[in-house]
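Please read the structure below before turning to the comments.
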Amino acid sequence: MRIVIVEDEHKVASFIARALREETYAVDVAETGKKALDLASEVAYDAILLDIRLPDLSGIEVCRELCQSGIKTPILMVTARSLVEQRVEGLDAGADDYITKPFALAELRARVQALIRRGPHRGDSKLNYADLELDRGRRRVRRGGTVIPITSKEFALLEFMLIRAPEPVTRSEIIEHVWDSHFDSETNLVEVYINRLRQKIDEHRSVKLIHTIRGVGYRLGPSE
């Protein structure tokens, strides 16, 4: 899952980004409202964390423009404001939820997870295909009842493929949803992580779930 944080305070943005990356999210940061609008128009984010005070456009203005542009990405308004009227203004502008500073990381994680479940990639806390199960809440993967050790990036890649299963996903879609804007698309990291998943999910099993579709990308599903 890929998230953009719209926050002009570098320390705050870095703190939130680090916490979310530890939860397997790919994270981009926009320091201004204009940059946030540009990024949101180019990337299909799974959630937007939007601070209400920005150096150019306000968070309220950004929220309104996103909604008017037809962008359906769920928005979590992050603000130091605690007055009811100001929270209502953000929700009326199109935000889906809000959190006020200072906040506990546990609450931020919970609100982001709830936001994504309500968004374009909504889903239950568990994703399943055949005998493969991914538990989003516990960050655990099992196949045939056996727990499979998995890294955070492998988890994010498998989660994206399960959401789309049994439809194929292209390499560019994987990069867009699993890595952030600093990813070097010239590397073979996508292929490396696909192979790692194959070794962990399919090795020594008669039924293979991860397949390469030549000229297209990859697919999690039955053999054709």
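The values are calculated or read from the model by the stated rules, or taken from the named source; none is laboratory data. In this text the structure is predicted, and so the values were computed from the model without any measurement. Cβ coordinates were reconstructed from backbone atoms using ideal geometry, including for glycine residues, and neighbour counts include every protein chain displayed. Calculation scope for accessible area: heavy atoms of the full protein, side chains included, ligands and nucleic acids excluded. Shrake-Rupley method; radii C 1.70, N 1.55, O 1.52, S 1.80 Å.
Data for the structure
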read-out	value
Within region 52-62, tally of residues that are outside any helix (DSSP H, G or I), in contact with a strand residue (DSSP E or B) (Cβ under 9 Å, 6 or more places away or on another chain), more than 21 Å from Arg2 (Cα to Cα) and open to solvent by less than 70 Å² (accessible area, probe 1.4 Å)	1
Lone unmet requirement of (1) within 29 Å of Ser185 (Cα to Cα); (2) outside any helix (DSSP H, G or I); (3) open to solvent by less than 70 Å² (accessible area, probe 1.4 Å); (4) at pLDDT below 90 for Leu134	(4)
Count - residues of region 165-192 that are under 16 Å from Ala26 (Cβ atoms), in contact (Cβ under 8 Å) with a residue 40 or more places away in the chain and among the charged types (D, E, K, R)	4
Residues located in region 146-167, provided they are modelled with pLDDT of 90 or more, outside any strand (DSSP E or B) and open to solvent by 50 Å² or more (accessible area, probe 1.4 Å)	Pro149, Pro166, Glu167
Residue in region 28-37 that is among the aliphatic types (A, V, I, L, M), on the phi < 0 side of the Ramachandran plot, in a loop (DSSP other than H, G, I, E, B) and in contact with a helix residue (DSSP H, G or I) (Cβ under 8 Å, 6 or more places away or on another chain) present	no
Residue that is most open to solvent (accessible area, probe 1.4 Å), among those in region 201-224 that are in contact (Cβ under 8 Å) with a residue 40 or more places away in the chain and assigned to a loop (DSSP other than H, G, I, E, B)	Val207
Yes/no for Pro55 being in contact (Cβ under 8 Å) with a residue 40 or more places away in the chain, of a type outside the set (Phe, Trp, Tyr) and over 30 Å from Arg138 (Cβ atoms)	yes
Complete set of residues in region 68-78 that are within 20 Å of the chain's Cα centre (by Cα) and open to solvent by 50 Å² or more (accessible area, probe 1.4 Å)	Lys72
Arg171 being among the charged types (D, E, K, R) and surrounded by fewer than 16 Cβ atoms within 10 Å (Cβ to Cβ)	yes
Residues located in region 30-51, provided they are open to solvent by less than 10 Å² (accessible area, probe 1.4 Å) and modelled with pLDDT under 90	Tyr45, Asp46
Glu65 being of a type in the set (Asp, Glu), modelled with pLDDT under 85 and either surrounded by 16 or more Cβ atoms within 10 Å (Cβ to Cβ) or farther than 19 Å from Arg2 by Cα (or both)	no
Residue ID - surrounded by the most Cβ atoms within 10 Å (Cβ to Cβ), chosen from residues in region 79-99 that are modelled with pLDDT of 85 or more and not in a helix (DSSP H, G or I)	Ala95
Selection within region 7-22 - open to solvent by 40 Å² or more (accessible area, probe 1.4 Å) and in a loop (DSSP other than H, G, I, E, B)	Asp8, Glu9, Glu22
Of residues in region 110-126 being part of a helix (DSSP H, G or I) and open to solvent by less than 60 Å² (accessible area, probe 1.4 Å), the one modelled with the lowest pLDDT	Ile116
Number of positions in region 180-200 that are assigned to a loop (DSSP other than H, G, I, E, B) and either modelled with pLDDT of 95 or more or open to solvent by less than 50 Å² (accessible area, probe 1.4 Å) (or both)	3
